[in-house]
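*Asks:* The structure is given below, and queries will be raised subsequently.
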Amino acid sequence: MAKKSDTNLYDTLRASGLRKQVARSASRAAAKVDGKGRVPKPLRWLAAIGLLPVPGPFDEALLLLIAPIFIIFYRQPMRDAWQRSLHPN
């Protein structure tokens, strides 16, 4: 059961629209992360599979394996995509 403070935080975030804004920016960044072909297709496919709503720990384990690769080797493309998603013009 959620704590009272967690419920209040959830209600505050929902009312402010921050969750929706972050979700939109994240989806735009995911779409723009590889505009120039800098990330290999197999790695993109593994990340896409990791984002699927698969029951069980499979998708979380896959994302835990892929995240360090993206953080170490593809930090700049991810940063560029996030900046482009925040400022779409």
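*Asks:* Using 7 Å Cα-to-Cβ label points, what is the residue 86/residue 18 separation (nm, one decimal)?
*Replies:* Modelled inter-label distance: 1.5 nm.
*Asks:* Also, quick follow-up: Rounded to the nearest 0.05, what FRET efficiency is calculated for residue 69 and residue 49 with R0 set to 22 Å and r the Cβ-Cβ distance? Working shown, then result.
*Replies:* Numbers: r = 14 Å, r/R0 = 0.65.
Efficiency for this residue pair is about 0.95.
*Asks:* Now a separate question. The range 36-89: which trypsin sites (Lys or Arg not before Pro) are DSSP loop and have at most 16 other beta-carbon atoms within 10 angstrom?
*Replies:* Working: sites: 36, 38, 44, 75, 79, 84; in loops: 36, 38.
The qualifying sites are 36, 38.
Laboratory data are not the source of any read-out in this text; all were calculated from the coordinates shown. This structure is a prediction, so every number in the text was calculated from the model and none was measured. Virtual Cβ from ideal backbone geometry, glycine too; neighbours counted across all protein chains shown.
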